[in-house]
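Colleague: Sharing a structure with you now.
All of the numbers you see were taken from the coordinates with simple rules; none came from a lab. In this text, all values refer to a predicted model and were calculated from it rather than measured experimentally. Here the Cβ positions follow ideal geometry from the backbone for every residue, glycine too, while neighbour counts run over all protein chains shown.
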Amino acid sequence: MAAGYAAIANNGEYIEPTFYTKVVDSAGNTVLEPQQEKRRVISEQNAYIVKSILQEPVKKGTATYCAISGMDVAAKTGTTDKSYDRWLCGFTPYYSAACWFGYDNQEEVVWSGTNPAGQIWDAVMTDIHKGLEKATFVRPDGLVEQVVCRNTGCTATAGCSNSYKEIFTPDNLPEKCQGHGAQTICSESGKLATEYCSQYVEVKSSGYGGVVPKEKLNLWKTIGSSNSAGSGVNKIDEICPIHTKPKEEEKPIETIKPNTNTNTNNTNTNTNTNTNASNSTNNTATNTNTNSNNTNTNTNASNGTNNNVTNTNTNNATTNN
């Protein structure tokens, strides 16, 4: 137990206990020293958080008699079933100590006044700290402060009226308090109002104080006090099913058909043969003219984006003999 509490005092580093410091010969030479194993078991930040928790019994709890002037003291009392065992374990920045009080054959420890284990611990620790400089537990870097709801243990919101500051490691922040707050309720459905509820009914704001989250999950049950976080009005999670977004009218999809105009002009072929007989010269002239003019194909889409025009012109093929 002393070694376990010492690991907290040593900023999370466990040091294996030993029953001696060294062995010397008759001439004062050291012939044997213990080889104590050292290893880290918790982080420095978590060790400091436990230190701060264990200071509370000394400040205003069951171990106020263990306070030492000018010293930070962390301590915890302990009692087993039927009062067979009495404990007090604790430490300062200088020493860690654990004290047990009981019998070889288990029977109830009866005393009047202060825990007998605590009385022994206090007497020994007060004596060995005489003449030592004042000392405090040094807070390490890497801790964050959060305002906590005292009823639920969660990060406080604007609706939490009973709160205090607490320190945490960044990877272990509590969830946001779900036990206190305000909610906007639709008076017609009694559910959470939507943006469409105001068009039909009067929307009202309501406070709530639900069951403490840990108790809601049946992780523990508070003894002798209410398990409610506040007003007793449970938080509403359902959204109003009556007033919803109006359905939009479906618009028909317009079908765009292309317009195709094809204009084809006639193709004219003229063949002229002239034969002139004369006394001295025969001339035969054959003229062939083929005109294929203006074959136009126009395709126009009514959306005005595509215009295709094809023009084919063939003119004046003439053969002279």
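Colleague: Given labels modelled 7 Å from the Cα in the Cβ direction, how far is it in nm from Glu195 to Glu107?
Modeller: The modelled label-to-label distance comes out at 7.8 nm.
Colleague: When a footprinting reagent is the concern and you count Cβ atoms within 10 Å, what order do Val124, Val50 take, fewest first?
Modeller: Listing Val124, Val50 from fewest to most nearby Cβ atoms yields Val124, Val50.
Colleague: Using 1/(1 + (r/R0)^6) with R0 = 30 angstrom and r between the beta carbons of Glu145 and Tyr84, what's the FRET efficiency to the nearest 0.05? All intermediate terms of the calculation are to be shown ahead of the outcome.
Modeller: Details: r = 41 Å, r/R0 = 1.37.
Efficiency, from the Cβ-Cβ distance: 0.15.
Colleague: Label-point separation (nm) for Ala67 and Asp127, each offset 7 Å from Cα along Cα-to-Cβ?
Modeller: 2.3 nm
Colleague: Something else now. List, in order, the whole-Hz ³J(HN,Hα) value for each residue of region 120-129 obtained from phi through the Karplus relation with A = 6.51, B = -1.76, C = 1.60 and θ = phi - 60°; use x for Gly and Pro.
Modeller: Karplus-based 3J(HN,Hα) across region 120-129 equals 5, 4, 4, 5, 5, 5, 5, 5, 6, 8 Hz.
Colleague: Something else: For Trp100, what is the net charge nearby, where nearby means another residue's Cβ is under 14 Å from its Cβ and Lys, Arg count +1, Asp, Glu -1?
Modeller: Cβ neighbours under 14 Å give a net charge of 0.
Colleague: Extension gain Leu173-Ala158, at 0.36 nm per residue separation less the Cα-Cα distance, in nm? Before the final figure, lay out each step's value.
Modeller: On the way: separation 15, 0.36 × 15 = 5.40 nm, distance 1.78 nm.
Length difference between fully extended and current span is 3.6 nm.
Colleague: Let me ask another. Got a sec? How would His180, His129 order by Cβ neighbour count within 10 Å, fewest to most?
Modeller: If I rank by nearby Cβ atoms, fewest first, I get His129, His180.
Colleague: Short version: ³J(HN,Hα) in whole Hz for each residue of region 26-34, in order, from phi by Karplus 6.51 cos²θ - 1.76 cosθ + 1.60 (θ = phi - 60°), x for Gly and Pro, what are they?
Modeller: Result, ordered by residue: 5, 8, x, 7, 6, 10, 7, 10, x Hz.
Colleague: So, one more: What does the charge add up to near Gly12, with Lys and Arg as +1, Asp and Glu as -1, over the other residues with Cβ less than 13 Å from its Cβ?
Modeller: The answer is +2.
Colleague: For a quick check: sort Met71, Met1, Met125 by the number of other beta carbons within 10 angstrom, fewest at the front.
Modeller: Least to most surrounded, the residues fall as Met1, Met71, Met125.
Colleague: Now a separate question. Starting from the coordinates of the alpha-carbon atoms of region 2-128, obtain the Kirkwood hydrodynamic radius over all distinct pairs and give the value in Å to one decimal.
Modeller: Averaging 1/r across every pair of different Cα atoms and inverting gives 16.3 Å.
Colleague: At 0.36 nm per residue, and after removing the present C-alpha to C-alpha distance, how many nm does the segment from Ser26 to Met1 gain when stretched out fully?
Modeller: Answer, rounded to one decimal: 5.5 nm.
Colleague: Same structure, new question: Can you list the HN-Hα couplings for region 185-199, worked out from phi with the Karplus curve (6.51, -1.76, 1.60; θ = phi - 60°), rounded to whole Hz and with x for Gly and Pro?
Modeller: 10, 7, 6, 7, 9, x, 10, 4, 6, 9, 5, 9, 5, 5, 6
Colleague: Okay, next question. Using 0.36 nm per residue of separation minus the Cα-Cα distance, give me the extension gain between Trp100 and Ile242 in nm, one decimal.
Modeller: Numbers: separation 142, 0.36 × 142 = 51.12 nm, distance 6.69 nm.
Length difference between fully extended and current span is 44.4 nm.
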